[in-house]
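What follows is a single structure, written as structure tokens, with notes after it.
None of the figures in this text is laboratory data; all of them are computed from the coordinates on show. Remember, it's a predicted structure, so these values are computed and weren't measured experimentally. Backbone-built Cβ (ideal geometry, glycine too); neighbour counts: all protein chains shown.
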Amino acid sequence: MSRDKRYAMVVDTRLCVACKACVLACKGENAVPDGFSRDWLVEEVRGWFPHLTAENRSERCNHCAKPPCVASCPTGASHVSDGGVVLVTHDKCTGCKACIASCPYDSRYPHPDGYVDKCTFCLHRVQDGKLPACVEVCPTFCLHFGDLNDPQSEVSRLLRERKFKVLHPETGCQPNVFFLT
Amino acid sequence: MNDAMLEIVHGRANAQIDPSLQVWGWEIPVYLFLGGLAAGVLILPALLELLSGKKPKSMALRLAPWLSAVLLSLGMGALFLDLSYKLHVYRFYLAFEATSPMSWGSWILLLVYPVALLLGLGGLTDDERQRLGAFAGKYRLASLVTWALGHADALRRPLLWAAVIVGAGLGIYTGILLGAMAARPQWNSAILGPLFLTSGLSTGAALLLLLRLDEHERHVVVRWDVGAILAELVLIAVLLVGFATGDRTSQHAFWHLTSGPWAAPFWSLVVVTGLGVPLALEAIEIRRRLPLAMLTPILVLIGGLSLRFVLMISGQASSFREFP
């Protein structure tokens, strides 16, 4: 896999109905232990009845371009892999939890087996030419995955044509999960 | 009221992460306290000897470097208990990650031991050296002890400087460990480094005051403790000014500590019990030439431990999740 790919996810908040299919697909695909989730739904309601607006977001690790979890890892277990995907090498992880504390999105959790676990953008599937499990099952097609460095990719096109936001840009982490608004 | 907002999170209730972070329990604040204490106990006698040019008289100060190593080992024991993948602890020493304060810390911890060991050896009296030699002789280690004692004496001055530098590194890193995390507004201040070092010096002095010191030594250590407490008060004030004048996350951190949910332990345990009261007692004791009450150093130690606990708990509770 070439090093100059930049994987990203685009979530269309106008299509998401917060059905949690992405959460279940992830749990099945990645054998996420009971009681934990690598992705989740946020339902944001603003205003006062009857003048309400709602936004549904399927959230996960942002695979930041400047990941503080990787910077704070004392053993090199947290690292940037192919396409900018942030991964944890289980064998190197001591479970010190510095990465968990340094993640502004609280996307990591301590796996019952001891190491720290998180979303991998399903890199094992992506390297086989498939889509991440959450994207694959989304019934409203609100999740899009692809290479930002390829101007022809669906994610690049969506970010060119639609208004979008990222979560907490003020952290300076340069997240790579984008939300179409 | 157009800014009313409700955020509901579905499909996630990760243990230790939700609803707010609780990944670090009592082990980490206890370690940070003991690490600071070890730094203070290592630095103070070394500085005293560098400034006076004379070896300390009391046994407590002569063997303080060994006490420092014991305290640090207890702290590292707490740190080990915190690891959720304990079998992989050796991984800390198969890597050096320049951007990770924890990696710096784990290597600094290793530097403390040889410095503390040799410095303590060099502080032994002739009588103690003979007894140590005889003891080591039983295990055929007499030549090793002679060799170590020779180096401890020959390198006394460089070792004293090494103790000050490594001790300062240890004290500062315990604060930077938390301060470097932008994700936790309550910790995200570079002041935490010098603050934890100063608190380490103050608690280190307090612990030494609980031991049997020479009259002159006690006099000096009390004065240093007064200086450290004053410096700590200034640093806490600077920390709060930094929070109060920062962005909304910092302002929230300011509110958290000064009048919010953590205000009661912060003001009562850290500021009044741990700093204000001991400062007043020490000032009175110096002025009136009174013998030092045991209570004063105990209050300083309670304050140092409380500082770590308050910051550990409040820092984990602070998150960008509070600012959707």
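Here is how the numbers come out for the structure above:
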{"read-out": "Chain B - percent relative contact order, Cα under 8 Å, separation 6 or more", "value": "23 percent"}
{"read-out": "Kirkwood Rh, angstrom, the range A:7-180 [1 / mean 1/r, Cα pairs]", "value": "16.7 Å"}
{"read-out": "Kirkwood Rh in Å, taken over the range B:27-322 so that all alpha-carbon pairs contribute", "value": "20.1 Å"}
{"read-out": "Separation of the B:Leu290 and B:Arg157 label points, Cα + 7 Å toward Cβ, nm", "value": "4.3 nm"}
{"read-out": "Cross-link table A:Lys20/A:Lys130; A:Lys92/A:Lys163; A:Lys66/A:Lys163; A:Lys92/A:Lys165; A:Lys5/A:Lys97; A:Lys20/A:Lys165, entries beyond 32 Å C-alpha to C-alpha", "value": "A:Lys92/A:Lys163; A:Lys92/A:Lys165"}
{"read-out": "Value of relative contact order over the range A:7-180, rounded to a whole percent, pairs C-alpha under 8 Å and six or more apart", "value": "31 percent"}
{"read-out": "Positive-end residue of A:Cys73, A:Asn56, A:Asn149, charge dipole of the protein assembly as shown with Cβ unit charges", "value": "A:Cys73"}
{"read-out": "Residue exposure sequence - B:Ile236, B:Ile28, B:Ile298 - by fewest surrounding Cβ within 10 Å", "value": "B:Ile298, B:Ile236, B:Ile28"}
{"read-out": "Inter-probe distance in nm under a simple model that places probes 7 Å from Cα toward Cβ, at B:Leu141 and A:Phe164", "value": "6.3 nm"}
{"read-out": "Helical mean residue ellipticity (222 nm; -39500 (n - 2.57) per DSSP H run of 4+; nearest 500) of chain B", "value": "-22500 deg cm²/dmol"}
{"read-out": "Options A:Thr94, A:Leu123, A:Met9, ranked by Cα towards positive dipole end of the range A:7-180, top entry (Cβ charges)", "value": "A:Met9"}
{"read-out": "Cα gyration tensor shape for the range A:57-122, rounded if a/c is under 1.5, else prolate or oblate", "value": "rounded"}
{"read-out": "Note, ³J(HN,Hα) from phi for the range B:215-230, Karplus 6.51, -1.76, 1.60, rounded to Hz, x at Gly and Pro", "value": "4, 5, 4, 4, 4, 5, 5, 4, 5, 5, 5, 4, x, 5, 5, 4"}
{"read-out": "Scattering curve values for the protein assembly as shown, log₁₀ I(q)/I(0), Debye with Cα scatterers, q = 0.09, 0.13 Å⁻¹", "value": "-0.71, -1.18"}
{"read-out": "Selection from B:Pro19, B:Ser189, B:Tyr173, by position along the positive dipole direction of the protein assembly as shown (Cβ)", "value": "B:Tyr173"}
